[in-house]
Amino acid sequence: MADGEGKIGNNGKKVNLLVVTYPAQGHINPLLQFSKRLHHKGAAVTFVVTKFLFNNQPNSDHPPPFPVETISDGHDAGGFPSAVSISDYHDRFKHDGSQTLRDLIRRKEDAGRRIDAVVYDGVMPWVLDVGKEFGLRTVAYFTQSCAVNNIYYHVYRGEIKVPVVAEEEIRIAGMPPLTTADMPSFIQVVNPYPGFSDVVINQFENVEEADWLVCNSFYELEHQVLEGMKNKLSMKTIGPNVPSFYTDKRIDDDRDYGFNLFKMNNEVCQKWLDARPKASVVFAAFGSYATLSVEQMEELAWGLAQSNSFFLWVVRETEAAKVPVKFAEATVDRGLLVPWCYQLDVLSHESIGCFVTHCGWNSTLEALTIGVPMVAMPQWTDQTTNAKFVTDIWKTGVRALLDDARIVRRTTIADCILKVMDNNGGTKIRKNATKWGELAKRAVDRDGSSDRTVDEILAQLVSV
Ligand code: UDP
């Protein structure tokens, strides 16, 4: 099967796929990249987002190379922020989303375009039910690590009791022993964001019916976890799903995810980074959702300042009021604050020395792929588990620990940055980061472990 020929298989059959996404930046990005891979290998992809997101994204310099269509989450005018509660949002999304997805599939069929399979974000298991109504094959796509999915699967089956008991050490085949603090926040005793847990745990309610389960990870990174879970859950890895420019470069003009919910500040960041020495800058960013307390923002600000490094700090507009007064002015000779940036471009800039991150799975995979060492400051959801693997299993970073008041203090942050940036202590971490970067790139390159899996799925789709 040749890449990019526009058809697949000896019979020349072209596979028609619908890729249905969950409306959040950290979910859209990897599914978009997976879609680009499928498209590059000859599949005809229609990418499906909610009406609200479609109407509210700032323009992209690199729009997706396939059609984007919409379904409704029941909140077309205001999206998730306009919902009365998290569960109300998901209930309406399931109801209105199912209905409008059926309409979309029918429209395609009426236009003579038979859909072969639907690829959907695992947090929307109702898409599988709709797909089955039309006799479509189904691919459940998991946007979090295999380890995290494995934990949620055990919770779903009642094999891990929630909330996890504080002193208990959790043992799961293929996984390192995990403490409560290593678990996703949703199942810890201290869960600051109740409400989303149903969504991540119920991902597994109909997985047995899916034709494939794929995860945005790569075999080499999580082979022990995958081997440990394979008798219960057959999950395949197809990642890292980041733009091809940062991995195998096989897809032309694929430098940006291409569906940005925030406005980029590329030129400002690049110009500023260009003027800094190699490996001298700390990049701090906490993704698209996490909200830090005022106290934590203050500690982070002064921790960055105390590190005596240059720093580029992403503070989303909704977080900006928490930055200490006059902090930007006081640190103007060493720091730059922006409301959003093109993270991959920043991470791959040679001036970057380390990444202070919330350990969102995309950010973690991006740092692993580019080979940037991390200071892990997990906030919620799967980030706590990702931080455990970054620091103790893959050993590409250090964890900035909470104090008794559950705040990471400025001295801790500054010490962690120094540890990673330091020429002696940080050398091993940087070496590991480079090693994982090479393995990540190899996984998606021709005949790599993830590349082979994508080929296998497509080959099975054309053979029916
Ligand atoms: N991101 C970005 N610019 C920023 C911060 C984040 O482009 O200034 C991107 C980042 O590259 C990643 C996504 O937003 O692809 C965040 O996903 P992640 O899973 O790390 O965190 P979440 O937003 O889901 O908490």
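Between 0 and 90 degrees, rounded to the nearest ten: what's the tilt of helix 146-156 against the longest Cα principal axis of the chain?
Roughly 70 degrees between the two axes.
Apply the Karplus curve 6.51 cos²θ - 1.76 cosθ + 1.60, θ = phi - 60°, to the phi angles in region 373-380 and return the couplings in whole Hz, x for Gly and Pro.
Rounded to whole hertz, the list is x, 10, 10, 8, 10, x, 10, 6.
May I ask you to order 339-349, 238-248 by the average number of other C-beta atoms within 10 Å around their residues, highest value first?
Going by the mean number of other Cβ atoms within 10 Å, highest first, we get 238-248, 339-349.
Report, by chain and number, residues whose modeled amide H sits under 5 Å from the one on GLY397, excluding near sequence neighbours (fewer than 5 apart, same chain).
Residues meeting the amide H criterion: MET374.
In what sequence, highest mean first, do 395-401, 199-205 appear when ranked by Cβ atoms within 10 angstrom?
395-401, 199-205
Which of the peptides 73-85, 416-428 is most tightly packed, and how do the rest follow, going by the mean number of other Cβ atoms within 10 Å of each residue?
Final packing ranking: 416-428, 73-85.
Mind checking region 19-79 for chymotrypsin sites (Phe, Trp or Tyr not before Pro) that DSSP puts in a loop (not H, G, I, E or B) and that have at most 12 other Cβ atoms within 10 Å?
none
Against the longest principal axis of the chain, how steep is helix 427-444, in degrees 0 to 90 to the nearest 10, with axes from Cα atoms?
10
Net charge around GLU209, counting only other residues with Cβ within less than 9 Å of its Cβ (Lys, Arg = +1; Asp, Glu = -1)?
Once all neighbours under 9 Å are counted, the net charge is -2.
List the trypsin sites (Lys or Arg not before Pro) within region 282-378 that fall in a DSSP loop (any state other than H, G, I, E or B) and whose Cβ has at most 15 other Cβ atoms within 10 Å.
The qualifying sites are LYS326.
Report, in degrees rounded to the nearest 10, the 0 to 90 angle that the Cα long axis of helix 86-110 makes with the longest principal axis of the chain.
Helix 86-110 sits at roughly 40 degrees to that axis.
With +1 on the Cβ of every Lys and Arg and -1 on the Cβ of every Asp and Glu, and nothing else charged, how large is the dipole of region 324-464 about its Cα centre, in debye rounded to the nearest 20?
Computed about the Cα centre, the dipole is about 460 debye.
Can you tell me what share of the DSSP beta bridges in region 46-179 is antiparallel? A percent to the nearest 5 is fine.
10
Can you list the residues, at least 5 places off or on another chain, whose amide H is less than 5 Å from the amide H of THR237, using H built in the peptide plane?
CYS215
Laboratory data are not the source of any read-out in this text; all were calculated from the coordinates shown. Quick caveat, the model's predicted, so the values are computed rather than measured. Quick reminder, even Gly has a Cβ in these numbers, built from the backbone with ideal geometry, and neighbours come from all protein chains shown.
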